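The values are calculated or read from the model by the stated rules, or taken from the named source; none is laboratory data. The shown structure was predicted, so the numbers you read here are calculated from the model rather than taken from an experiment. Glycine gets a Cβ as well: all are built from the backbone with ideal geometry, and neighbour counts include every protein chain shown. Keep in mind that these areas ignore ligands, DNA and RNA; they rest on the heavy atoms of the full protein, side chains included. Shrake-Rupley method; radii C 1.70, N 1.55, O 1.52, S 1.80 Å.
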Amino acid sequence: MNKPFKRKDLLGIRDLSAEEINTILHTAEAFREVSRRDVKKVPTLRGKTVINLFFEPSTRTRTSFELAAKRLSADAVNISTSTSSLAKGETILDMAKNLDAMAPHVIVVRHSSAGVPHQLAKASRASIVNAGDGSNEHPTQALLDAMTIREHKGKIEGLKVAILGDILHSRVARSNVHLLTKLGARVCIAGPGTLVPKDFAKLVDDNLEICQNIESAIEDSDVVMVLRIQKERMNQAFFPTMREYSIHYGLTKERLKLAKKDAIVLHPGPMNRGVEIASDVADGSSSLILNQVEYGLAVRMAVLYLLTGGEE
Amino acid sequence: MKRLVIIGGHLIDPLEKQNGGRNLLIENGRVKAWLKQDEPFPEDAEIIDATGMIVAPGFIDMHVHLREPGQEHKETIETGTAAAVAGGFTSVCCMPNTNPINDNAAITRFIIEQSERAGLANVFPIGAITKNSEGTELAEMGEMRNAGIVAVSDDGRPVPNAGIMRRAMEYAKDFDLTVVDHCEDKSLSNGGVMHEGKISLLLGLRGIPALAEELDAIRDVMLAELTGAKVHIAHISTKGAIEAVRIAKSKGLKVTCEVTPHHFTLTDEAVEGYNTNAKMSPPLRSQEHLEAILEAIKDGTIDAIATDHAPHHPDEKNLEFDRAPFGVIGLETAVGLTFEKLVHVGIIDLVRMVEMFSTNPARIFGLTDRGTLRPGSMADITILDPHLEWTYRVSETRSKSKNSPFDGWSFHGAVVITIVNGKIVYRRS
């Protein structure tokens, strides 16, 4: 069945229906095959322009979007800048209008401020893809996580997924909570009290639980997702030291034993080895961290394809 | 001799317990007499027909930012007072956070002179509590009082040190000045950009907990008890802060408070879509707090409605949500919102509306001969049509800025004529 994806933009998972999520995931599966060919290129988006606009440093996501565009034969332009529009004296509106004047089909944007993709989407004719906005959402990360889980578990519905770490500031956590609960998984979150706000459980109506400690979150889970700890949080007194964090909240081999035998481990990268995740877990047989990267490319190809008018 | 007579109107003056038909004779800028509607009036008087209208003592906005001196690209005293009279306000009290800060008599005099030059609304400046609003040394309150301030406040940069705040209250008492406090413990708001709760978590924006306001409000109430000073809590927005004021009043302390129309109208859900015109300080709160506000308006815990009119240029507001400045304009929408959200839905009646817009603000800041229309008082008059339907278009605002969350909203109830010192300064076209 060919189901067109009716949206202009992909701003977050929160607004998507389960059906729309499945459309993207199915399309991504088809594109995965392209990356396994010798000639990794299809002419699908020939003549289309994709601008990757990154206001925050990123290697993985930016490269992934760039490769996704190129493998679809789109023209990809990368703009990386660490300064905000404010620092340059430009408003969000100016920026949107200027880019719009070049008539790109898609603008992929990452920004340290939540909501920038939404503000751009209102002002721009191009399709906006959110590649991470502040602490809000990172929809393609959640989609690639879902694809990884589905490939290895065969389903998402009914699974127990533990999400561990800095929930408060994590866009990956927000997108994943929305996506996994929409597809029927049970999500248990845990981390330091300073980084797990008590109201977080109200984020979605169902299937979301805050656990007292990380052990109970991990217990009997099918998937353990570890979030990156950002070093600057330490200076803001969210936790005392990296050492203490790794002892009390890190995913170690011992703690992983509490999960189901065939549990898988995910991390959005880049990892702080020995802090939120022990190296032997990161490199162990349960870890699918590198598979995530591969699926990421397929998901981003699917998103670019669907937003530019392609059908499932 | 310049005479004006307002005929056929329904005169409300809570201070005089007046609520019914009366004609009003004005002479040389003051109220000369109240006349029965069949009583004769001088033939040479200019007639204003207020049939079907409410005639009230001029509305007083206790909390505005006029931005002059220093930020004239956002607003000037002239444009700000033009917006004020169009919104039915005959007087506005402007906060000292100009550039330079109004922490000395020279700035106070400059503001008053500029307002006289504009000749629209009366402007009563509020002086800083501390020098440069830095929270360390007291500003020259006595000298500013002589120059014309009516209260003191470090609005936006509240005095964090309880010891300094105690001294400020003790000292302000000597000059019969009310201390107005924007309650915010900055160690708790700590870089937050909206109310902390479900919506802030959903949007990934840093939250400002209700407690940031409540902790300071409770401190101020206790300091008011210790010092006996007159303390006014600005733009109250949380359940806990309201509770603190309620307790203060039950103890008979001289504690009062105001609420803004945006806080009794909107909740934090207005931030959805990252609308920077829904970003203000204190932030829009959740439904639970909105309900507490409506209850406190009804039971009289909240004394006054003030706009916290805070103009910002579009170039400043059209930024990332977390970088855009706090504040919205409000002078021209306050009356419409009050009719729509409080009067027509039965939360308050017209007498209480006039009390909150005029009687109480005049009493709290000690504005003599205003807030009432008793013969002899200043002829500051707001004439309202309680049923007139109109739509607010921010493109037509008299303010220099356009940062309103109410663009395109429709209201029943409007300002028809505004009279300041016996002179018609606004007439609805």
| said: So for region B:310-320 (the condition being over 17 Å from the mean Cα position of the chain (by Cα), modelled with pLDDT of 95 or more, outside the structural domain of B:HIS387 (by TED's automatic domain parsing) and surrounded by 22 or more Cβ atoms within 10 Å (Cβ to Cβ)), does at least one residue qualify? | reply: yes
| region B:300-324: number of residues that are in a helix (DSSP H, G or I) and in contact with a helix residue (DSSP H, G or I) (Cβ under 8 Å, 6 or more places away or on another chain) | 1
| Selected residue (criterion: nearest to the other protein chains (Cβ to nearest Cβ)) from residues of region A:130-159 that are in a helix (DSSP H, G or I) and polar (S, T, N, Q) | A:GLN141
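Would you say B:ALA229 is away from chain A (no Cβ under 14 Å), within 25 Å of B:PHE124 (Cα to Cα), modelled with pLDDT of 95 or more and out of contact with any helix residue (DSSP H, G or I) (no Cβ under 9 Å at 6 or more places or on another chain)?
Numbers: away from chain A (no Cβ under 14 Å): yes; within 25 Å of B:PHE124 (Cα to Cα): yes; modelled with pLDDT of 95 or more: yes; out of contact with any helix residue (DSSP H, G or I) (no Cβ under 9 Å at 6 or more places or on another chain): no.
Spelling it out, it is not the case that B:ALA229 is away from chain A (no Cβ under 14 Å), within 25 Å of B:PHE124 (Cα to Cα), modelled with pLDDT of 95 or more and out of contact with any helix residue (DSSP H, G or I) (no Cβ under 9 Å at 6 or more places or on another chain).
The rows are residues; the columns are (1) under 24 Å from the mean Cα position of the chain (by Cα); (2) charged (D, E, K, R); (3) closer than 22 Å to B:GLY240 by Cβ; (4) outside the structural domain of B:ARG285 (by TED's automatic domain parsing).
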residue: B:THR136; (1), (2), (3), (4): no, no, no, no
residue: B:VAL152; (1), (2), (3), (4): yes, no, no, no
residue: B:VAL159; (1), (2), (3), (4): yes, no, yes, no
residue: B:GLY163; (1), (2), (3), (4): no, no, no, no
residue: B:VAL180; (1), (2), (3), (4): yes, no, yes, no
| Looking at region B:197-212, which of its residues are open to solvent by 20 Å² or more (accessible area, probe 1.4 Å), at the interface with chain A (Cβ under 8 Å from one of its Cβ atoms) and either more than 14 Å from A:PHE200 (Cβ to Cβ) or assigned to a loop (DSSP other than H, G, I, E, B) (or both)? | B:ARG206
| query | Any idea which of (1) within 10 Å of another protein chain (Cβ to nearest Cβ); (2) farther than 24 Å from B:GLY80 by Cβ; (3) surrounded by fewer than 24 Cβ atoms within 10 Å (Cβ to Cβ) is the one B:GLY300 doesn't satisfy? | reply | (1)
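Take A:ALA162 and decide whether it is more than 14 Å from chain B (Cβ to nearest Cβ), closer than 17 Å to A:PHE55 by Cβ, open to solvent by less than 10 Å² (accessible area, probe 1.4 Å) and small (Gly, Ala, Ser). Write out each step before concluding.
Numbers: more than 14 Å from chain B (Cβ to nearest Cβ): yes; closer than 17 Å to A:PHE55 by Cβ: no; open to solvent by less than 10 Å² (accessible area, probe 1.4 Å): yes; small (Gly, Ala, Ser): yes.
Taking the combined requirement at face value, the residue does not satisfy it.
Which residues, taken from region A:178-209, are part of a strand (DSSP E or B) and crowded, with 21+ Cβ neighbours inside 10 Å? Let's see the steps before the verdict.
The first filter runs over region A:178-209 and keeps only residues part of a strand (DSSP E or B), leaving A:186-190, A:208-209.
Passing the criteria: A:VAL187, A:CYS188, A:ILE189, A:ALA190.
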| Residue selected from region B:129-145 under the condition touching a residue at least 12 places away in the same chain (Cβ under 8 Å) and not in a helix (DSSP H, G or I), by the criterion surrounded by the fewest Cβ atoms within 10 Å (Cβ to Cβ) | B:THR136
| task | Could you tell me whether any residue of region A:61-84 is within 14 Å of chain B (Cβ to nearest Cβ), open to solvent by less than 70 Å² (accessible area, probe 1.4 Å) and in contact with an Asp or Glu (Cβ under 7 Å, 6 or more places away or on another chain)? | result | yes
| query | Does region B:159-171 include one or more residues that are in a loop (DSSP other than H, G, I, E, B), touching a helix residue (DSSP H, G or I) at 6+ places or on another chain (Cβ under 8 Å) and more than 30 Å from A:ILE13 (Cβ to Cβ)? | reply | yes
| request: Could you check A:VAL303 against (1) modelled with pLDDT of 95 or more; (2) part of a loop (DSSP other than H, G, I, E, B) and say which number it fails? | output: (2)
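Mind checking which strands (runs of 3 or more DSSP E) fall wholly inside region B:1-97 and carry at least 2 residues that are under 16 Å from the mean Cα position of the chain (by Cα), modelled with pLDDT of 95 or more and under 25 Å from B:ALA304 (Cβ atoms)? Walk me through how you get there before you give the answer.
Details: elements: B:3-7, B:10-13, B:18-21, B:23-27, B:30-35, B:46-49, B:54-57, B:59-64, B:89-94.
Fully inside region B:1-97 and qualifying: B:59-64, B:89-94.
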